[in-house]
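Taking it in order: structure first as structure tokens, then the write-up.
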Amino acid sequence: MKKPSPILPYVLKRVLPASLAALVGIWICMRLIALDTVQREVHERVRVEAGKGAGTVAARLNTLMDSLRNLAANDLVINSLIDTTARENYLPPFFRSLRIPGPREVRITLTDYRGRVLTSNRLDATGLEGTKCLKTVMAGRECFSISNKGLRAVVPVRYSGLPEGAVCATYGQKQVSQMVTVSEPNAVFAVFDREGACLSASAGAPWKSRPSAAAPHAEQWIEAFVKIPGFVDLTLVCAESREQAFAALNRLDGFFLVAAAFNLLALFLAVFMSARMVAWPLAGFIRKMDRIRDVVQLDEKVVESGPEEFRRLARSFNGLTGNLARVTRGLNERIKELDCLYGISLLVESTDSLQEIFEGTLDLIPSAFRFPEMTCARIVLDGDVLVSNPNWGNQCEACNYPCISETLMVDGEPAGEIRVCYTEDRPECDEGLFLPEEKRLIKKIAQRLTGVVERLRAEERLRKTEESQAMEAGRAQMSALVLHHVGNAVTPLQVYVEELRDGAGRQSLNYLESAYGDLLSHKEGLGGYVNRDARGKQVFAYMKSVIRSLKKQDEQRETLIREMAQSVFRISEILKLQQTYAEERNDAKTREAMNQLLNDVSDRPDTEKER
């Protein structure tokens, strides 16, 4: 985690960047507004200067054309077209003495309708033969052409309203540049012809041809383009250097930067002094709080001093520490009470002995009270007394010391009590000598112990009931088992009895009675009957068969009697075994005897179990 910085750097880090950002924002807004304003003014100024320059050039050219028109309207010039005497005697001196506005190096020539030179102020004059300009002039229109090579202006000379000749003024390249040059101290000018060639440019002008927006110098100059009035083939460009135009704005930027620096310095000093004024008493306040924290003396107070805000802060802090101290004391008491209850719960879980639980509870109770060194406790249950420590004396018995007690209600009836006393007198607080929480703690302990006693006694009763029920169930189970085995032994006896009852002896007896009847009915002639009669001859053989059958039945009867004797023996053995286990009357031994009986019976061979 990043370590927090002190208040002075903290404030400076947040105030100065914000202030700088605000100043920069103000400067940007002011500069944009000023730049827009200056741009508008400069563009308007350049446009006006361009208009003035165009007017100046137009005035010069118009003056030239007016001079040529006036010359063409001169009577001497008009008469010279048809008067050869005037043409030869008066016209040459007149032309040599002509002065028209503009550069002096001008060639003025008078031609006839074929363009031939009639007279001129220069010896190197040339005519207009075969030129387009001659056709234009002879059609009654003026002809004006200008380029970076020169200027030619031709005006028709009319005689009786018809063009009969022309006055022509011709300038060279240098004179053209002089004629269209415009000079202003804060701007540069240039004049371009139809083809874009530069006719004239001020000193420092960057153009050699008509400028465009893509030209390299376009970002360095503010330009205005104007057509020369009356001379649409000519374009005047007026420009002003951006550096010169915005020099005042740049000076304003410098002034603003200096002012911003002074403002930041003043703001820094103001923030520094304010932070120092706040940090000095705050540092003392923090040192005091650190000392309270280190020594954990929540009852110690911070001195209220300084401005009202710091006094209120100190009062709030003192109130906070006071409340915290009270809450801490209360929490400590609650922790001791919880430890006591938790210890009792551990005792209850670890043992089922009431004696151990009560003794452990008496050892835990003093530590849960405000003054454990002079606290003693006693538990009484069914007349048995347990004392927590030897401090419990006659004064405690006589209740001369302050005590609190709670009755142990077991199964809804008083069975004892728990009593806590102080062995010395203590000053009472607002809540009394014993806190309400301590009284509630004793009540909870009493409820807890009551529940333990009731549970243990209920478990004891339940255990006895379960043992009794188990004994009865064991006896019933043993009786059922004995009866089962006795039944298994008696069943063969019933079978044997039935066999004896339904055996073959009755049939043999019937056979003997039948043979006796036959002999008795022939006793008078018994010898003849036995020797001669077919039925009589079979009597002795039949009697012999009956005798063998009787012997066999006698053997079977002996076998059945022997098996019946064995079954009766087994029954007597089972009854003897049951009598032996029944003589053990102790509960635990009876349970073991029943289990042993079941094991003995189950260990016998399956053949005996079936029997």
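Karplus-derived 3J(HN,Hα) values for the range 541-552, using 6.51 cos²θ - 1.76 cosθ + 1.60 with θ = phi - 60°, are 5, 5, 5, 5, 5, 5, 4, 4, 5, 5, 5, 5 Hz; glycine and proline are entered as x.
Taking all protein chains into account, the per residue accessible area for the range 7-245 stands at 54 Å² (1.4 Å probe). Peptide packing: for 447-456, 345-354, the average count of neighbouring Cβ atoms within 10 Å per residue gives the ranking 447-456, 345-354, highest mean first. Across all Cα atoms of the range 106-151, the radius of gyration (one decimal) and Dmax (whole number) stand at 10.9, 28 Å.
Pairs to check: K336/K444; K132/K227; K336/K443. Give those whose C-alpha atoms are more than 18 Å from each other in this structure. Result: K132/K227 exceed 18 Å. At the residue level, R242 shows approximately 80 square angstrom of accessible surface with a 1.4 angstrom probe and all protein chains present. Using only the C-alpha atoms, the convex hull of the range 228-314 corresponds to 196 Å³ per residue.
Measuring nothing but alpha carbons in the range 7-245 and taking Rh as the Kirkwood radius, the Rg to Rh ratio lands at 1.29. The phi torsions of the range 264-275, fed into the Karplus equation with coefficients 6.51, -1.76 and 1.60 and a -60° offset, translate into couplings of 5, 4, 5, 5, 4, 5, 5, 5, 4, 5, 5, 5 Hz, rounded to whole numbers, with Gly and Pro shown as x. Protection proxy ranking of 460-469, 231-240, by the mean of other Cβ atoms within 10 Å over each peptide's residues and highest first, is 231-240, 460-469.
FRET efficiency for the R116 to H43 pair, using the beta carbon distance and R₀ = 45 Å, is estimated at 0.30. Pair-distance distribution P(r) for the range 20-75, from all Cα-Cα distances in 5 Å bins starting at 0: 5, 16, 10, 10, 9, 9, 7, 7, 6, 5, 5, 4, 3, 2, 1, 1, 0 percent.
Distance between the 7 Å Cα→Cβ label points at N62 and R461: 13.7 nm. For the range 106-120, backbone phi angles converted through the Karplus equation (6.51, -1.76, 1.60; θ = phi - 60°) give residue-by-residue couplings of 10, 9, 10, 10, 10, 10, 8, 5, 8, x, 7, 6, 9, 6, 7 Hz, Gly and Pro being listed as x. Database remark: amide H of S200 closer than 5 angstrom to the amide H of V191 (H placed geometrically; neighbours at sequence offset of 5 or more, or on other chains; Pro and chain starts carry no H). Extending 7 Å from Cα along the Cβ direction at A21 and again at A203 yields two label points whose distance is 5.2 nm. Taking label positions 7 Å along the Cα-Cβ direction at both D124 and D352, the computed distance is 14.7 nm, reported to one decimal. Diagonalising the gyration tensor over the Cα atoms of the range 247-372 and scaling each eigenvalue by 5 before taking the square root yields semi-axes of 65, 19, 9 Å, largest first.
Over its Cα atoms, what ratio of radius of gyration to 2.2 N^0.38 Å does the range 1-134 give?
Details: Rg = 35.9 Å, N = 134, 2.2 N^0.38 = 14.1 Å.
Dividing the Cα radius of gyration by 2.2 N^0.38 Å gives 2.53.
In the range 129-202, the C-alpha radius of gyration followed by the widest Cα-Cα span (Dmax) gives 15.5, 52 angstrom.
If packing is taken as the average count of other Cβ atoms within 10 Å, what order do 31-39, 175-183 fall into, highest mean first? Provide the component values of the computation, followed by the final result.
On the way: 31-39: 12.8, 175-183: 19.4.
Result, highest mean first: 175-183, 31-39.
Would you mind getting me the FRET efficiency between N70 and M30? Use the beta-carbon distance for r and R0 = 51 Å, nearest 0.05. Can you show the working numbers first?
Values: r = 58 Å, r/R0 = 1.14.
Working from the Cβ atoms, E equals 0.30.
The values are calculated or read from the model by the stated rules, or taken from the named source; none is laboratory data. Computed from a predicted model, the values in this text were never measured in an experiment. Backbone-built Cβ (ideal geometry, glycine too); neighbour counts: all protein chains shown. What goes into the accessible areas is simple: the full protein's heavy atoms, side chains included, and nothing from ligands, DNA or RNA. Shrake-Rupley method; radii C 1.70, N 1.55, O 1.52, S 1.80 Å.
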